[in-house]
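The structure that follows is given in the form of structure tokens.
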Protein chains: 4
Amino acid sequence: MEALVLERKGELSIREINLPTEVGPHDVKIKIQTVGICGSDVHYYEYGAIGPFVVKEPMVLGHEASGTVVEVGHAVKHHKPGDRVCMEPGIPDPNSRASRLGIYNLDPAVRFWATPPIHGCLTPYVIHPAAYTFKLPDNVSFAEGAMVEPLAVGMHAAVKAKIKPGDLAVVMGAGPIGIVTSLAAIAGGCSQVVITDVQQPKLDLAATLGPIRPVNVAKENLRGVIDELTDGWGADLVFEASGAPAAIQAAPEALCPGGRIVLVGLPIRPVSLDIVALSAKEASIETVFRYAHVYPRALALMGSGKIDLKPLISRTFDFRDSIEAFEFAVKMPPDCIKAQIQVISA
Amino acid sequence: MEALVLERKGELSIREINLPTEVGPHDVKIKIQTVGICGSDVHYYEYGAIGPFVVKEPMVLGHEASGTVVEVGHAVKHHKPGDRVCMEPGIPDPNSRASRLGIYNLDPAVRFWATPPIHGCLTPYVIHPAAYTFKLPDNVSFAEGAMVEPLAVGMHAAVKAKIKPGDLAVVMGAGPIGIVTSLAAIAGGCSQVVITDVQQPKLDLAATLGPIRPVNVAKENLRGVIDELTDGWGADLVFEASGAPAAIQAAPEALCPGGRIVLVGLPIRPVSLDIVALSAKEASIETVFRYAHVYPRALALMGSGKIDLKPLISRTFDFRDSIEAFEFAVKMPPDCIKAQIQVISA
Amino acid sequence: MEALVLERKGELSIREINLPTEVGPHDVKIKIQTVGICGSDVHYYEYGAIGPFVVKEPMVLGHEASGTVVEVGHAVKHHKPGDRVCMEPGIPDPNSRASRLGIYNLDPAVRFWATPPIHGCLTPYVIHPAAYTFKLPDNVSFAEGAMVEPLAVGMHAAVKAKIKPGDLAVVMGAGPIGIVTSLAAIAGGCSQVVITDVQQPKLDLAATLGPIRPVNVAKENLRGVIDELTDGWGADLVFEASGAPAAIQAAPEALCPGGRIVLVGLPIRPVSLDIVALSAKEASIETVFRYAHVYPRALALMGSGKIDLKPLISRTFDFRDSIEAFEFAVKMPPDCIKAQIQVISA
Amino acid sequence: MEALVLERKGELSIREINLPTEVGPHDVKIKIQTVGICGSDVHYYEYGAIGPFVVKEPMVLGHEASGTVVEVGHAVKHHKPGDRVCMEPGIPDPNSRASRLGIYNLDPAVRFWATPPIHGCLTPYVIHPAAYTFKLPDNVSFAEGAMVEPLAVGMHAAVKAKIKPGDLAVVMGAGPIGIVTSLAAIAGGCSQVVITDVQQPKLDLAATLGPIRPVNVAKENLRGVIDELTDGWGADLVFEASGAPAAIQAAPEALCPGGRIVLVGLPIRPVSLDIVALSAKEASIETVFRYAHVYPRALALMGSGKIDLKPLISRTFDFRDSIEAFEFAVKMPPDCIKAQIQVISA
């Protein structure tokens, strides 16, 4: 089958590659429609590795996908050919202890698309477990369907935050993850989000997407804004979505007594934290790893119109222009969020 | 001071009555602007009692109020004259065990406006603790401010429901409480609400207020609708807001495995519940009593535009027409939700 | 293989029967050592059915078992021949939605030992999934290991109760389930349990098992006892383990404001509940269905000495006396809790 | 009244000092029986300050106290003269936002005994709010009653940990706080505690107090021990009670997927944390500040015999030997946990 293959660091090609074709009893076969380009795809392209995951063999890229079911395994009950779907890219071992506990994202045996040595989905057809394939609501396009994967990161953070209706959240970082976390937080019950960044174009874009108050922390004092909004009490929640040590360190000050911090952004190195300051507010901290059980939540919120991802899709490329798409993604302008590839299947 | 006084069952008068005038150190004095008429006000008017609470002396009615601060006690820090505010009508003993635990609504010593023998707020000025007085956001009118009290009932139910982002909720009953519960559930994180009733005009109104799917249970099968919306899984949450035994009994069937029921409506008599059916789904049930800590949540959601209460205000009367207002409320048409009185102060 | 077979209602025989012998890749083969007799085994023997589950074909009884691993499938990592183990009798479909969510006990496809048409474990050898087979700590005997299954019911209730350290719990009913729930509640963080019943011998036995205060509700006022123990506040938790309507109806009165009721006992018919009384305390109610994820918890508490099940084992029979054992269990004296059968394997 | 007065850094005297004598309507007057010496008392004695709290005027020391009620204010209902009691040393403003929310320990206006400029309780009589005065169970001595305050720190950590019955906890640090946290964790539902330290006498003492497995991390590998106890899964909970940066940094490795860390020990300086390692397990972190609502929990567990504090009381001094007691506490041997002073009142 044809696919976008990362041959090695810095080298992409569109070419035939051997991929699984057998549809198991619990699997579906999907004709791929749209695939978004994720920061991790770009990182593998540029650096050939992310932490311990090193590209040693040619690997198909892509893990943000939507498509149409064309065939179902004999044990599949909830899907049929013709279903418009999106797919969760990580497949756990259902018999692992983590999976049994419902935290399948923490199963060390998870096989995740486009994480070496597992092939991704930038190819016309994929075989996937039905259990990790989700129907798109009628009002959700394929392009939006391929956005569910990045949204899932924010949704999972929103679920872990245990939002109470009306909470005020700070989201640190107005990049793609900060944006989807903001949308998930608002749809998930927050009254509004105060989003921070130092790049004004990102903040300007964010401000158009809902009750989102942008704060350029290079120019404005975050705690001052929060004091004004909360009568001096502090933010109920802080989502740290930048991974920047300075942002992580600023989280406790923004928080109210008894507040919660969710660390979404991953700093490469350890970060120095003031535990006395955290303790004085009895802050709690949640960390997240990918996501679990949130695709149906994301799709429900998109289906009912509470989350609209269309403004986040900045540019769309044809499959044959995939390499150009990656070049665009490498140098993504600050007011762009997502580039997508339309896979035209035979 | 002039006030709307319930002299006894069935007899209202607008007349002078002796009310407190001293502003304590932690109190504020408020010029009343708008007061909504609650079902309980109407019930005291028609029947002279609600359960164990019996009107034995003339009592000022009204507990859904907004106004303007005109004076503050010397220990008050968070309010100043001119503040536009709404007021929580129940005042607990801050030294009770329940209050210390943060569940002040369960303090048996709560003094609640217009619950005998405590006077209500249908009068030009009231003295109130600053701690239970809340600033209105600039974009929230006095009329909307007087709606925070009924909304608070729904908000409290939404908080107790521990909504996860994207949950599907059923709200049983499309009366005022069902409506505010629906709005709170959607703003609080639900993807959509399926609202049930047997009165079509109420359902038609509800359907205009957000992602709310009306189901007339006299004509349509609720579980069928839920199956379609959830691929046979069931509703994550059921808010029972009718108090009707048949609705309460229908709650387990609508629910998904592990789902939660919140009982908001209060049936007068005990209701027969199928515990085997509840257990087969490991359903949990939450009950609610008034509300606690939700005024700031309601106001934050109104301030950010996530909850709009204007469509619920059906009719407004002048203070001098208060008795007419009560007559209207007694025979409230099915497509009306709330009547309010504008209190014109000297 | 030889087994204790329920031929039909009222007729047991020890005879050869065809049972699975193939050890799948994720399975272990276990030589059965001890099997406890459960009330449900006795019920099938006496009545041939429990609710919708009807014995239509001869069925091997027994689901409370311990034994020794004698063979492991090739994919099994956490067990080896010689391991002393006990087994969870319900096997869910790992690909079901409920299983993925971690609530595998609610999977409608669960296959449960000695629940028609699934054979039980009163036979010398069984094949079982390794994931539902658990190592016994060194200090836990086979007899105690066969008690983990009934304990699991109480442990699951204790987990669902979200006990806070030092909570006071009422357990209604001093039968086997009331007893194991009491032990689980105390080991799980309660300071003490007030146990109720009308049979004095059961209460007397319970009182010897830990900080358990017996209350014979035929003679003593439960709320009075609780008031004395809690200075009038009420019990934090009520575990209803009798299934008796009168006990269920008495639960709200025993409770403190904001308290929680866990319904463990299953009444055959719907029970009339006073929702106004529940709401006045904002009581929450949890229901339970079997158990999930509690075997490791039970075994850890038995291994560390916090739970001792030896006093609950009233009488032990040889496998060849199994029918006599069932006759004993049918007429269990009130001061006996559990009869067990020692399975002597070839 | 006579009292143990810290005149300034390094100088103690027993002398007359002016203390409040008026019993307010909600207050009780208590004849002090026993007062424990806390590390913070010693620290003020040695250094004259703890962080921002500086001793500028002579201050009475002591905040771990028990005694007998001798007089009650006219509004006090739950106490009477003769009651044996212990007292919570921090008194919040009941009207603050934190207090209303039930998190009174986070009220910045808390007045805390022996925290400058508030006098402590090493004096024959104190006036205290009845709401923060708690009856001792009959089987709890005054000496044990004066231990409730340090136990409360561990109890609060145990409550915040949301222990599930049977959890395995690691407690890092076998000093007084590590010990009381271990006792609270076990009584609060853990199956056992693995306690770590580098001082063998402390570990040896800890091992005698319950199902506590000592690990001298200078000699033994913590993760190895946990792997053996949990079949390679990891600890459900880690309580960090040492404040040592190396211990805090070792917490994530000890944890299971989805586990929780409670930071009890306070490191003076910021600590570098590996957020990637935390995230890979989706670890959550709770911080604590003193305690709230745990005195009744501690007393219930002591009253029922689940927590025995007698072995922690290493040495008792007469009031007239208070200065000697402090000298002893300054050089506390590693196998001693608590020194107490018996206050002989006139």
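Along each principal axis of its Cα atoms, how long is the stretch A:154-287 end to end? Whole angstroms, biggest number first, please.
Cα extents, longest axis first: 37, 32, 29 Å.
Ranked by Cβ crowding within 10 angstrom, fewest neighbours first, how are B:228, B:282, A:64 ordered?
By the 10 Å Cβ count, ascending, the order reads B:228, B:282, A:64.
Please report the spacing between the Cα centers of the stretch D:21-98 and the stretch B:187-226 in Å, no decimals.
Taking the Cα centre of each part, the stretch D:21-98 and the stretch B:187-226 sit 56 Å apart.
I would also like to ask the following. If you put a point 7 Å past Cα along the Cβ direction, how far is that point for residue A:227 from the same point in each other copy, in nm, smallest first?
Copy-to-copy label distances for residue A:227: 5.1, 5.2, 5.9 nm.
By counting other Cβ atoms within 10 Å of each Cβ, how are A:336, D:256, C:121 ranked from fewest to most?
In increasing order of surrounding Cβ atoms, one gets A:336, D:256, C:121.
To test your reading of the geometry: what angle, between 0 and 90 degrees and rounded to tens, separates the Cα axis of helix C:176-187 from the longest principal axis of chain C?
Helix C:176-187 and the main axis of chain C meet at about 70 degrees.
What are the extents of the Cα atoms of chain C along their three principal axes, in Å, largest first?
60, 40, 37
Now a separate question. Provide the net charge surrounding residue B:93, with neighbours chosen by a C-beta distance below 14 Å and charges set as Lys +1, Arg +1, Asp -1, Glu -1.
+4
May I ask for the angle, rounded to the nearest 10°, between helix A:148-160 and the longest principal axis of chain A, with both axes built from Cα atoms and the value confined to 0 to 90°?
40 degrees
State the answer as a single residue: which of D:229, D:256, D:176 lies farthest towards the positive end of the charge dipole of the stretch D:154-287, with beta carbon charges of +1 for Lys and Arg and -1 for Asp and Glu, about the Cα centre.
It is D:176, whose Cα lies furthest towards the positive end.
How much net charge surrounds residue D:216 when only the other residues with a Cβ under 10 Å from the Cβ of residue D:216 are counted, with Lys and Arg +1 and Asp and Glu -1?
Here the count lands on -1.
Please work out which residue of chain C brings its Cβ closest to the axis of the rotation superposing C onto D, and round that distance to whole Å.
That would be C:189, 2.
Another question about this same structure. How crowded by other chains is C:100-109, given as the mean number of beta carbons from other chains within 10 Å of each beta carbon?
5
Kirkwood hydrodynamic radius of the stretch B:25-162 from all distinct Cα pairs, in Å?
About 15.7 Å, per the Kirkwood formula over Cα pairs.
OK, next. If the protein assembly as shown were replaced by its equivalent ellipsoid, with semi-axes equal to the square roots of 5 times the Cα gyration tensor eigenvalues, what would those be, largest first, whole Å?
46, 42, 36
Please give every one of the aspartates and glutamates within straight-line cross-link reach of residue B:281, meaning a C-alpha to C-alpha distance under 18 Å, and leave out same-chain neighbours fewer than 8 residues apart.
Output for residue B:281: B:167, B:227, B:231, B:236, B:240, B:253, C:93, C:107, C:240, C:286.
Mind checking the alpha-carbon convex hull of the stretch C:224-346 and giving the volume per residue in Å³?
Numbers: hull volume 22.7 nm³, N = 123.
With only Cα atoms used, the stretch C:224-346 gives 185 Å³ per residue.
Continuing with the same structure: Quick one: helix A:245-254 against the long Cα principal axis of chain A, what's the angle to the nearest 10°, folded into 0 to 90?
The two axes meet at around 50 degrees.
For chain A, with a Gaussian network of springs between Cα atoms less than 10 Å apart, report the residue from A:221, A:139, A:18 with the top mean-square fluctuation.
A:18
In what sequence do D:106, D:168 fall when counting other Cβ within 10 Å, fewest first?
Working: D:106 22, D:168 27.
Placing the least packed residue first, the sequence is D:106, D:168.
Okay, moving on. What dipole magnitude, in Debye to the nearest 20, does the stretch D:45-118 give about its Cα centre under +1 on Lys/Arg Cβ and -1 on Asp/Glu Cβ? Could you put the intermediate results ahead of the total?
Values: 7 positive and 8 negative charges, 58 e Å.
So the dipole magnitude of the stretch D:45-118 works out to roughly 280 debye.
Shortest first and in nm with one decimal, please list how far the residue A:9 label point sits from its counterparts in the other copies (point 7 Å along Cα→Cβ).
Residue A:9 label point versus its equivalents elsewhere: 5.5, 7.6, 8.8 nm.
So what's the back-of-envelope 222 nm ellipticity for the protein assembly as shown, counting only DSSP H runs of four-plus at -39500 (n - 2.57) apiece and dividing by all residues, rounded to 500? Mind showing how you got there, number by number?
Details: 44 runs with 371 residues, N = 1384.
Value at 222 nm, helices only, nearest 500: -7500 deg cm²/dmol.
Let me spell out the model: positive unit charges on the Cβ of Lys and Arg, negative unit charges on the Cβ of Asp and Glu, origin at the Cα centre of the protein assembly as shown. What dipole size does that give, in debye rounded to 20? Write down the numbers at each step before the final one.
Numbers: 124 positive and 148 negative charges, 1 e Å.
Result for the protein assembly as shown is approximately 0 debye, rounded to the nearest 20.
We did not get these values from a lab; they are worked out from the coordinates using the rules stated. Keep in mind the model is a prediction, meaning the values are calculated, not measured. Note that we place each Cβ from the backbone using ideal geometry, even for glycine, and neighbour counts take in every protein chain shown.
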